[in-house]
Amino acid sequence: MYKRLARWAFSHPAPVFAAWIVTLFGVLALAGTIGDQFDDGIEIPGSDTEAGFDILDEHFGGVGSGAEGFVVIAADRPVTDPSVQGPIEGLLAEVEEIDGVTVRSPYAPGGAQQISALGADAGRIAYASLALDAELNQTEASETGVEILELLRDNEIPGVQLEVGGAALAEFEPPETELIGLAFAVIVLILAMGSVLAMGITIGVALFGVGTGVGLIILISNVITAPDFAVTIGAMIGLGVGIDYALFIVTRYRESIRQGFVPIDATAIALDTAGRSVIFAGATVVVSLLGLLLIGLEFIAGLGIGAAATVLMTMIASVTLLPASLGLAGDRVEVTRRRGIAMAGFASLALLALGLSIPPLALVGAAGLLMVLLVSFAYAPLRKAVPPRVEKPLRTTFWYRWSRMIQARPWSAALAGFLILGVMTLPVLDLRLGFSDESNFPEGSTTREAYELISDGFGPGFNGPLLLVTEVSGSQDLADAAALAASLETVDGVASVTGPIPNDQTDPTAAIVQVIPSTSPQDEDTEALVVELRDDVIPAATDGTELVVFVTGQVAANIDISDLLAGRTLLFFSVVLALSFLLLMMVFRSLLVPLKAVIMNMMSIGAAYGLIVAVFSWGWGAGLFDTSGGPIEPFIPMMLFAIVFGLSMDYEVFLLSRIKEEYEHTGDAVESVADGLAATARVITAAAAIMVVVFGSFVLEDNRVIKLFGMGLAAAVALDASFVRMLLVPATMELLGDRNWWLPAWLDRILPDLNVEGSRPAPPAVPGTPIDWDGPESGDEVEREPVLV
């Protein structure tokens, strides 16, 4: 099947390209027409939070359960001064004219509580509460926040600072830092492959898959709940794996060309060997990501499905569009001219400048690229071909000698690798799951400025109030709610209590008690306060009454989500590990190889977890990434696990399938490891380097979640490609020898056989002679000039 697909696509590039162009632009056009419905809202079935939100929706019109924001006012004089109050009231009136925004002004009747009475800032800090229509999706809310901020900036008042607060209104900018990864990929691919055309094919195929996948994520957001950063995560993963997959196949294609195969046969061999590995590795990534459906939350499912869709499209592009591209390129893949090097250099400069937001440098790169294009056909030196790289015999390469050195000291290498990864994993013992607050936004951003002004004027807990809601059916219930509110004022960790506030003064059916903690929303003490209120304080205060009180609000919701995800993480990990073990066992017909793979992958993932805890929780070097210490978002560990475990399988399958291929040809358990590592190390190193930069560039984004993903993925890939693939694999393979490939006969009989090595035909006796496949296949009629090696 793989050979037939490769030969057909190679022979018929026009329909393949036409199909992909129609698919890409069709999906993007449909996504642009329909639009997105990204949403950060998370439902938590059966929780106090969900029950409380239901009461708010039914009796209070959704007050407190929908998205909210603030306009924060900080003046060098009292905010009630006519020179401040008059202009501010005018501005707030203009804000209320914006569709979907309802303003509660500090100057309206009953608004005095929105003016600070705390410390030295008393009377000089105030806020206007902004309630957003529930119909506004995440993107629309962000755009509304930008519109409000522009309005405030266009109407500055001397001596008055105006900021827009609330995560819902925070500006979300489409990421550009992936261009940094692309710029780096251009350079690394040229260095690794020695061919500009091979580099262009690799990146082009990846971009087709990623572009289609991003369009699918936008469409998917209209069907299931997905956050706006799902596009960023999908693009990040898709770009990394897309370049990897194309690189693996192109490398094997060029290796076959150098062995004397004609291009169509080399394409068939590449897809029948590396292509099989790509399909298996991609399927593993997709299965790992779809395993997030086990969590039972649409928010998490949306992230998993979106990322899986992008990986799926890049995988399909690798086995269809790539052979077609090779059919157009033919043996020109092996020829690189100086003008190609110059164009690639200026293109990477322009991409890097755009990713770093340096327009002048981007213009230099674009102008240089244009100049090279204009003069390349007239200026003879640019038309000259670069001398092809002289390939060393496999057993004279650095990586062969490296493998033999590790194999000579397997115990020392294995212990060193496990010790280093183990030490890096230690911070995981201090992992605290939770949602960060606006204090983790970049310094100088209006969201963080607003958060800090509210903390100064009203206390840190004002940024995350707790809402205690209950249904009432008479004056006695309201009296009991008032007694509850009074008892809360003496609880440690409570800064202030307001209420009970009935939904109707004459015939109340529900009431709210607002509790302001003395600590910030992400503080551990705030979480402890919520637990204490639910488990001890409220039951004791309502004992003997008819009240059923629920603690809700965004802070309580975050705590409930964290608890729910923490409880389901073990199930998710177990299912993914078990499925991966079974798949690898079927592929490699071994018990110990998949067991080692699972253990070593867990080691590299654990070390990556340790790094993000050290930086994003402990705050080690957090200033370098324009953030600060806080809890780790509860969906991060499982998302990282799903992605990294799948990605690590790429290298695992690519390396081990080549080792197994060598072992089956030679029967030598020692040399097959060294030969397999030597044959794949350069491409694995290049692929990992590209992934590390693609992922690592996302730490330059403003969104903390994106920073976390970027650093976690970059660290995991770097550790996996270095300590695991280049140290632990050869060491443990040496220690086990032939036992690596042992499988009980009874188990071998019942396991399905998944072949990822494919067939490796002997090189033709005369280079450039088509090989004799078993029976005629579509595409055999295509003849090209032989490639003489």
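Quick check on the stretch 466-482. Is at least one of its residues open to solvent by 50 Å² or more (accessible area, probe 1.4 Å), touching a residue at least 24 places away in the same chain (Cβ under 8 Å) and either in contact with a Ser or Thr (Cβ under 7 Å, 6 or more places away or on another chain) or in a loop (DSSP other than H, G, I, E, B) (or both)? Checked against the condition, which is being open to solvent by 50 Å² or more (accessible area, probe 1.4 Å), touching a residue at least 24 places away in the same chain (Cβ under 8 Å) and either in contact with a Ser or Thr (Cβ under 7 Å, 6 or more places away or on another chain) or in a loop (DSSP other than H, G, I, E, B) (or both), the stretch 466-482 yields at least one hit. Scanning the stretch 319-342 for residues that are touching a strand residue (DSSP E or B) at 6+ places or on another chain (Cβ under 6 Å) and surrounded by 22 or more Cβ atoms within 10 Å (Cβ to Cβ) yields no hits at all. Among the residues of the stretch 609-642, those that are touching a residue at least 24 places away in the same chain (Cβ under 8 Å) and not in a helix (DSSP H, G or I) comprise Ser617, Trp618, Asp626, Thr627, Ser628, Gly630, Pro631, Ile632, Glu633, Pro634, Phe635. For first residues located in the stretch 100-112 and on the phi < 0 side of the Ramachandran plot and modelled with pLDDT of 85 or more, partners that are open to solvent by less than 40 Å² (accessible area, probe 1.4 Å) and in a loop (DSSP other than H, G, I, E, B) and lie 6+ apart or on another chain with Cβ distances below 8 Å form the pairs Pro106/Val79. Among the residues making up the stretch 154-173, a single one is touching a strand residue (DSSP E or B) at 6+ places or on another chain (Cβ under 8 Å), among the charged types (D, E, K, R) and either at positive phi or open to solvent by 30 Å² or more (accessible area, probe 1.4 Å) (or both): Glu156. Of the residues making up the stretch 118-170, just one is of a type in the set (D, E, K, R), under 22 Å from Phe458 (Cα atoms) and part of a helix (DSSP H, G or I), namely Asp121.
Of the residues screened, Ala483 is not one that is of a type outside the set (Lys, Arg), more than 42 Å from the chain's Cα centre (by Cα), over 29 Å from Ala112 (Cβ atoms) and modelled with pLDDT of 90 or more.
Residues of the stretch 413-460 that are closer than 30 Å to Thr498 by Cβ and among the polar types (S, T, N, Q): Ser436, Ser439, Asn440, Ser445, Thr446, Thr447, Ser455. No other residue among Leu216, Leu179 is modelled with pLDDT of 85 or more, assigned to a helix (DSSP H, G or I) and open to solvent by 30 Å² or more (accessible area, probe 1.4 Å) apart from Leu216. Checking each residue in the stretch 548-564 for being surrounded by fewer than 22 Cβ atoms within 10 Å (Cβ to Cβ) and in contact with a strand residue (DSSP E or B) (Cβ under 8 Å, 6 or more places away or on another chain) picks out Val548, Ser562. Condition first: crowded, with 20+ Cβ neighbours inside 10 Å and out of contact with any Phe, Trp or Tyr (no Cβ under 7 Å at 6 or more places or on another chain). Now tell me which residues in the stretch 105-153 satisfy that. Answer for the stretch 105-153, where residues must be crowded, with 20+ Cβ neighbours inside 10 Å and out of contact with any Phe, Trp or Tyr (no Cβ under 7 Å at 6 or more places or on another chain): Ser105, Ile115, Arg124, Ile125, Ala126, Leu132, Ala141, Thr144, Gly145, Ile148, Leu152.
For the stretch 405-452, filtering for residues that are closer than 24 Å to Val598 by Cα and open to solvent by 60 Å² or more (accessible area, probe 1.4 Å) leaves 13.
In the set Val766, Val673, Val717, Val694, only one residue is at pLDDT 85 or above and either touching a Gly at 6+ places or on another chain (Cβ under 9 Å) or not in a helix (DSSP H, G or I) (or both); that residue is Val717. Residue count for the stretch 591-616 under the criterion of being of a type outside the set (Val, Ile, Thr) and closer than 15 Å to Met424 by Cα: the result is 13.
Select from the stretch 592-601 the residues that are open to solvent by less than 50 Å² (accessible area, probe 1.4 Å) and touching a residue at least 24 places away in the same chain (Cβ under 8 Å) and write down the one among them that is farthest from Leu577 (Cα to Cα).
Val593
The values are calculated or read from the model by the stated rules, or taken from the named source; none is laboratory data. On a predicted model such as this, the values are computed, not experimentally measured, just so you know. Here Cβ is always computed from backbone atoms with ideal geometry, including for glycine, and neighbour counts include all displayed protein chains. Please note that ligands, DNA and RNA were not included when accessible areas were found on the heavy atoms of the full protein model with its side chains. Shrake-Rupley method; radii C 1.70, N 1.55, O 1.52, S 1.80 Å.
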